[in-house]
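The structure appears right after this line, and notes come after that.
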Amino acid sequence: MNKKKQRVYGLADFFSGYMDQIGQLTVTNLLFCVPAAVFGGMILLLCQKLPNIFIALIIVPLLSPFTAGLFYVAKRVTLKEPVRAVRDFIKGMKNEWKVFLADALIIYVVTCGIYITMQLYRGNLSSPIMLSSFIMSLLFVLFFVCFQNAFLTMRVMVELSVTAAVKNAVLMFIGGFFNHLKVLFSLALEAFLIYSIIAAIGDVMIAGLVLAVPFLLLLPVLSVYIVVYNVFQTIEKNILTTSAQRQSAAAAVQEPDEEPDLEQLKAYAEGDPEEYVFIDGRMWKRKTIIRMLEEKSV
């Protein structure tokens with residue numbers, strides 16, 4: 001019997017997945033950079049004319065459908081599936097633009113609230129009450145960032161309703177905290193390297209020109225791939241694998257090529273129709289099982 005080799009997640013696996021499809025990922029990055037450059041230029045113009053930068057930044061959520069394209073491509077790289085840059089980028093936008101846009105608007109509102117809150121703490125941290133409140137605010141920021149990474153990854157990885165994705169993203173804050181830390185550390189290291197380049201060059205304009213090359217060829221898709229690759233490990237362990245293990249005992253009584261009988265379908269049909277069950281190693285949406293049960297009952 002041939003046994004499937006267990007995948008070992010790590011830097012070697014991460015970079016091999018990226019390098020195997022570096023050409024398609026570079027094209028994907030360029031596809032994202034075109035609208036990013038347009039919106040970035042619009043923001044710079046608005047910042048010169050508007051009194052508050054947050055009014056200009058309201059344009060940023062309009063970039064979110066293109067971010068959905070990045071997430072979908074990163075999903076395929078993570079799953080070791082072949083990438084066709086234009087097709088997959090557009091497919092990700094088409095499938096998830098509504099959810100990503102709504103989520104981006106929420107992020108914008110929450111970010112504005114966090115900024116205003118942090119301004120209130122300036123010079124007031126000597127008070128124990130204010131210090132405790134400040135620490136709670138930092139913990140909320142940590143939770144919110146991790147929640148966003150999990151929620152957006154789950155939307156492209158697994159066919160779940162928004163409600164189910166939100167619930168699982170909240171639970172993954174604890175269950176997948178180690179993987180969240182890897183994401184935060186990696187993105188912080190990326191930001192530190194960018195800052196170091198700017199500091200070393202000294203001139204912001206020249207540094208911007210130097211950084212334009214890695215941004216055009218690498219940074220956006222690499223950043224999203226870091227998120228998806230690490231968060232997927234938690235999804236695989238706590239949603240896919242755990243569900244498979246729960247169903248293994250029931251699936252064991254079924255022959256591989258034999259269609260489930262009426263009693264077996266009833267056992268699988270109990271629960272949320274939007275959740276998944278595993279039958280012979282294959283993932284089925286429960287509402288599909290319910291439909292099969294109804295057809296057998298006729």
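Hey, does the range 195-205 have a residue that's over 23 Å from Ala150 (Cα atoms) and of a type in the set (Phe, Trp, Tyr)?
Yes.
Are any of the residues in the range 101-120 loosely packed, with under 14 Cβ neighbours inside 10 Å, at pLDDT 85 or above and within 20 Å of Leu70 (Cβ to Cβ)?
Yes, the range 101-120 has at least one match.
Please determine whether any residue of the range 1-10 is modelled with pLDDT under 95 and assigned to a helix (DSSP H, G or I).
So far as the range 1-10 goes, no, none of its residues is modelled with pLDDT under 95 and assigned to a helix (DSSP H, G or I).
Table: residues versus (1) out of contact with any Lys or Arg (no Cβ under 9 Å at 6 or more places or on another chain); (2) part of a helix (DSSP H, G or I); (3) at pLDDT 90 or above; (4) under 28 Å from Tyr9 (Cβ atoms).
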position	(1), (2), (3), (4)
Lys167	yes, yes, yes, yes
Lys182	yes, yes, yes, yes
Leu187	yes, yes, yes, yes
Ala191	yes, yes, yes, yes
Ile197	yes, yes, yes, no
Met205	yes, yes, no, no
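Filter the range 164-180 for residues that are under 14 Å from Phe147 (Cβ atoms) and free of Cβ contacts under 8 Å to residues at least 40 places away in the same chain; which is surrounded by the most Cβ atoms within 10 Å (Cβ to Cβ)?
Looking at residues that are under 14 Å from Phe147 (Cβ atoms) and free of Cβ contacts under 8 Å to residues at least 40 places away in the same chain, I get Ala169.
Got at least one residue in the range 58-79 being farther than 12 Å from Pro220 by Cβ, among the polar types (S, T, N, Q) and not in a helix (DSSP H, G or I)?
No: the range 58-79 contains no residue that is farther than 12 Å from Pro220 by Cβ, among the polar types (S, T, N, Q) and not in a helix (DSSP H, G or I).
Do we find a residue being in the same structural domain as Leu219 (by TED's automatic domain parsing), free of Cβ contacts under 8 Å to residues at least 60 places away in the same chain and within 20 Å of the chain's Cα centre (by Cα) anywhere in the range 46-61?
Yes.
Among the residues that make up the range 89-100, is at least one of them assigned by TED's automatic domain parsing to the domain that holds Ala150, in a helix (DSSP H, G or I) and farther than 30 Å from Tyr9 by Cβ?
Looking for residues that are assigned by TED's automatic domain parsing to the domain that holds Ala150, in a helix (DSSP H, G or I) and farther than 30 Å from Tyr9 by Cβ, one finds at least one in the range 89-100, hence yes.
The values are calculated or read from the model by the stated rules, or taken from the named source; none is laboratory data. From a predicted model like this one, the values you see are computed outputs, not experimental measurements. We place every Cβ from the backbone using ideal geometry, glycine too, and count neighbours over all the protein chains shown.
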